[in-house]
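Read-outs: derived from the displayed coordinates by stated rules, not from any lab. These numbers come from a predicted model, not from an experiment. Because the Cβ atoms are built from the backbone with ideal geometry, glycine has one as well, and the counts that use them run over all protein chains shown.
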Number of protein chains: 2
Amino acid sequence: MHNGYPIAFIERATGISRETLRIWERRYGFPAPARDAQGDRIYSQGDMDRLRRIKRLMDQGHRPGKLVPLGVKALARLEVPARTEMPEVAEGLEDFLTLLRRPGAEGARDWLRRRMAREPLASVTTGLLEPLTRAVGDAWAAGRLCVHEEHLYSEMMSRLLRGAIDALPPGTGPTILLTTLSEERHGLSLLMVEALLRAEDARCINLGVDTPIPEILLAVERHGARVLALSFSRAFPRRRIGPQLTALREQLPAGCQIWAGGGGMAHCKPLPGIQVCHELPDATALLAAMGATEVG
Amino acid sequence: MHNGYPIAFIERATGISRETLRIWERRYGFPAPARDAQGDRIYSQGDMDRLRRIKRLMDQGHRPGKLVPLGVKALARLEVPARTEMPEVAEGLEDFLTLLRRPGAEGARDWLRRRMAREPLASVTTGLLEPLTRAVGDAWAAGRLCVHEEHLYSEMMSRLLRGAIDALPPGTGPTILLTTLSEERHGLSLLMVEALLRAEDARCINLGVDTPIPEILLAVERHGARVLALSFSRAFPRRRIGPQLTALREQLPAGCQIWAGGGGMAHCKPLPGIQVCHELPDATALLAAMGATEVG
DNA sequence: GTGCACGACTGTCCAGGACAAACACAGCAA
DNA sequence: TTGCTGTGTTTGTCCTGGACAGTCGTGCAC
């Protein structure tokens, strides 16, 4: 439609850089976009769909050389089916999505509010909000949810979480600095970790997303943080995780722990001096371990 | 330091694309970075400072051809001194920054909370939060504030605003959809507009930042929005504002108004069918005008 | 099975050329 | 003076094709 998309649009929509797009074309013959009168690349809707699938699979650990030559069908066969490990969430998901799609979406917000009022923050976060967010992300990735619906969900959820966190009394435990590295713009899991830790009486300082490493070092020093908690989404370039964490570890004082979590850490090798949170509750466990060490 | 920065780092740190950096070097002879053993560009700290000044002045409407050949001193002379139009804010600013710099920064949050509790949301937003945010932005641009301090401020402010907005009863007036276009990631002013409009009983749906145009169209239709409110920061590429707004205007139903505001709209020509909010209270006026039209 | 070396893979960088859209400005008409 | 229009300049983005370093996987020797 619209006669197709220019390369800059594809770069933004897929997260694959222009240079990579051009070199794939040169090396693998895909994508092979049409050209406009001036010789500029014009990608089709089909190109974009296929590229998005490829990117998604790359985020899960596949290598481009294997994926790019594959057709849409072969790609679809590789896709991991959405996790159904949380049956209660899975069955509630469709109802929730229906509420979210209503004009105004107030029903979805009210439903979440009621659920959050009914249970302690920590348990509702691990038991409902985190699996729900993952399910919404999967639905979006599978094309069952529009971008604007996902945006609305994110905004709604981050509002509710921040409200719930601010309603807690200020923490008195160890100070924990939360943020993401440069180019990582997914902050929801950061908020969920903060909710868990604040519920355990930690003192949390959330810098939001996209903080460069030198600034993180300054902030840790400024606030006397005992822990630096970082979140990596699946879309974060994997090759950069190791080096960046190592650089941080070298430059941070030994008295400051580093906790790393999020989907991007799933396929990551263990690194010296870095605690990995594969699941959300791991953060609570790490905090408890800190307290135990201190007492002992 | 660290032997200098590669081009990808400079691109992120200054917001100037690689291609532009290279073409400036070719055309104007600046920046003229050193090269590493492999021939890759290595920019100095001085290059980065000068490029940031240039970018800042470009965001204010200057053209590159005039700026790039200038030295740091000449650039500094061009800089508009920080606005002092709000003397009460200006004098309070230093105290606030001192609070913000304390470990934990709880003093800053408590101060803001007290001020917000003392006054109605609308007046505290226009009278304090907006000028304060602008002052913080200026302080950051002038290098008087670290990135991590600015991040903490943004997170704190957006938390307080969202909390205050959620505390209001749900609106019953016209539905207003708030968001920013793709690549625009500054959402604070969106929250401030939402606060003002919700205080006037509008029904607000905030999609957050970075929503592509087709998705905006879908969302307007879905929620039956009467108004689409967009915010553009000064860093938003100016050349794109006009075409994007025009495209939206053409594709949106005539019954849906478009309001555009933020620092990026300052130097923008008037466009047919687009209401420009130069100041925050303009949004309130536009809402009032809507009500009047309806009644009349 | 374990470790190492080699080779393939992959993204990012380089140079230099081209063009269209935006802009500034001069010249002219009202 | 004001407003418009045409022309030349400015500016960012796109193009091609080449090169290289770091990562990853494979296969061989032990």
Q. Could you give the nm distance between label points at B:L168 and B:E19, where each point is 7 Å from its Cα heading toward the beta carbon?
A. 4.2
Q: Along Cα-to-Cβ, 7 Å out, sits the label point; list in nm, shortest first, how far the one on A:T172 is from those in the other copies.
A: 4.6
Q. For the stretch B:204-292, what is the charge dipole size about the Cα centre, in debye to the nearest 20, if Lys and Arg each add +1 at the Cβ and Asp and Glu each add -1 at the Cβ?
A. 260
Q.
Output the 0 to 90 degree angle, nearest 10, between the alpha-carbon long axis of helix A:18-28 and the longest principal axis computed from the alpha carbons of chain A.
A. 50
Q: Provide a whole-number value for the mean count of partner chain Cβ atoms within 10 Å of the Cβ atoms in peptide B:250-259.
A: 0
Q.
5 Å is the cut-off here: which amide hydrogens, built 1.01 Å from N in the peptide plane, fall below it relative to A:L178, excluding neighbours closer than 5 in sequence?
A. A:I205, A:N206, A:L207, A:A229
Q | Residue-by-residue Karplus 3J(HN,Hα) for the stretch B:273-288, coefficients 6.51, -1.76, 1.60, Hz, glycine and proline x | A | x, 10, 8, 9, 9, 6, 10, 4, x, 4, 5, 4, 4, 4, 5, 4
Q. What nm distances, shortest first, do you get from the label point of A:D40 to those in the other copies when the point sits 7 angstrom along Cα to Cβ?
A. 2.9
Q: Rounded to the nearest 500, what is the 222 nm mean residue ellipticity of chain B from helices alone, with -39500 (n - 2.57) per DSSP H run of 4+ residues and division by all residues?
A: -17000 deg cm²/dmol
Q.
Just checking the output field for A:206-215: average partner chain Cβ neighbours within 10 Å of each residue's Cβ?
A. 5
Q | In degrees, nearest ten, helix A:45-59 long axis to first principal axis of chain A (Cα) | A | 40
Q: Summarise the partner chain shielding of B:222-230 as one whole number: the mean count of Cβ atoms from other chains within 10 Å of each residue's Cβ.
A: 2
Q | Lysine pairs meeting the criterion (Cα under 27 Å, 8 or more apart or interchain), as found in the protein assembly as shown | A | 8
Q: Evaluate E = 1/(1 + (r/R0)^6) for B:R144 and A:H278, where r is the Cβ-Cβ distance and R0 equals 45 Å; express this FRET efficiency to the nearest 0.05.
A: 0.65
Q. What nm distance separates the two modelled labels at A:R113 and A:R185, each placed 7 Å from Cα along Cα→Cβ?
A. 2.9
Q) Quick one: if the Förster radius is 51 Å, what FRET efficiency do A:E200 and A:A37 give, using the C-beta to C-beta distance and rounding to 0.05? A) 0.25
Q) Got the A:I23 label distances to the other copies yet, label 7 Å along Cα→Cβ, in nm, shortest first? A) 2.3
Q) Taking K and R as +1 and D and E as -1, what net charge do the other residues with C-beta under 14 Å from the C-beta of A:G39 add up to? A) 0
**Q.** Degrees between helix B:238-251 axis and first principal axis of chain B (Cα, 0 to 90, nearest 10)
**A.** 30
Q: Quick one: net charge around A:C268, please, counting Lys, Arg +1 and Asp, Glu -1 for every other residue with C-beta under 15 Å from its C-beta.
A: +2
